[in-house]
Amino acid sequence: MQISASFLSINDNIKENVNLLTSCDIDYLHLDIMDGEFVNNKTWEISEIKELINYSRPLDVHLMVNDVYKYIDEYKDLNPTYITFHYEINLDILDIIQYIKKFNIKVGLSIKPSTKVEEITPYLNYLDLVLVMSVEPGLGGQQFIKESVNKIKKLKELKGNYLISVDGGINIDTVNLVKDADIIVVGSYITNGNYNQQIKNMKEKIYG
């Protein structure tokens, strides 16, 4: 299981603390990008992101936006490993998948807590990653929605070539619920404490 660390909950000395987070034993730096339209919250502009990150870890970009193509064009230049967008936008899903892939970037599709796995089965063969939201997208620090566990199990049973990622409310108490996931997105659990120690605690919980 890999850890993709989000800095959404960091409010103070952001650049310094993002660099500290990036220096820790994580697999990806997770970028939560929100436009204030698809979700109520609005995060950083691309120019701010370029100032914040140092590219020493692979990037995992999660777009919670309506104008997906605009943001793909901006974030592709960061050479991320993944760009993930939401199934719930009212656009042609296959066209967006193909658009991302032409930049040799892996594609993720995310589903909100209210969206069923069955709704995205037509797209699974085209995806590199499926991101299960275990909280409502838009804010950090929310409680894990336990119904998400069944979605992860169902995606694993379908045995596609995609990785399963889960995002929201992941901490030392909930990580064992998502043991079937390949990637966990962890934010406030890490950033509300000593980063290295919290990551160490999480890995010990995962691996024993």
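The values are calculated or read from the model by the stated rules, or taken from the named source; none is laboratory data. If you're wondering where the values come from, they're calculated on a predicted model, not measured in any experiment. Methodologically, a virtual Cβ is constructed for each residue, glycine included, from the backbone with ideal geometry; neighbour enumeration extends over all protein chains shown.
Across the stretch 91-102, a minimum of one residue is classified as in contact with a helix residue (DSSP H, G or I) (Cβ under 7 Å, 6 or more places away or on another chain) and in a loop (DSSP other than H, G, I, E, B). Does ILE111 satisfy the condition of being among the hydrophobic types (A, V, I, L, M, F, W, C), closer than 30 Å to ASN192 by Cα, buried (at least 19 other Cβ atoms within 10 Å of the Cβ) and out of contact with any Ser or Thr (no Cβ under 8 Å at 6 or more places or on another chain)? Here the answer is yes, as ILE111 does meet what is asked. Would you confirm whether or not the stretch 40-51 contains a residue that is outside any helix (DSSP H, G or I), at pLDDT 95 or above and not acidic (Asp, Glu)? No, the stretch 40-51 contains no residue that is outside any helix (DSSP H, G or I), at pLDDT 95 or above and not acidic (Asp, Glu). When restricted to residues that are aliphatic (A, V, I, L, M) and outside any helix (DSSP H, G or I), the stretch 172-207 contains 6. Only one of the numbered conditions (1) at pLDDT below 95; (2) more than 22 Å from ILE190 (Cα to Cα) is violated by GLU74, and that is (1). Here is the figure for the stretch 29-49: residues that are buried (at least 16 other Cβ atoms within 10 Å of the Cβ) and basic (Lys, Arg) total 0.
Residue pairs whose Cβ atoms lie under 7 Å apart, separated by 6 or more positions or on different chains, with the first residue in the stretch 116-138 and over 24 Å from ILE105 (Cα atoms) and free of Cβ contacts under 8 Å to residues at least 60 places away in the same chain and the second assigned to a helix (DSSP H, G or I) and not hydrophobic (A, V, I, L, M, F, W, C), are SER134/SER148. In the stretch 24-36, the residues that are without any contact (Cβ under 8 Å) to a residue 60 or more places away in the chain form Cβ pairs under 6 Å with partners that are surrounded by fewer than 17 Cβ atoms within 10 Å (Cβ to Cβ) and assigned to a strand (DSSP E or B), at six or more places apart or across chains, as follows: GLY36/LYS42.
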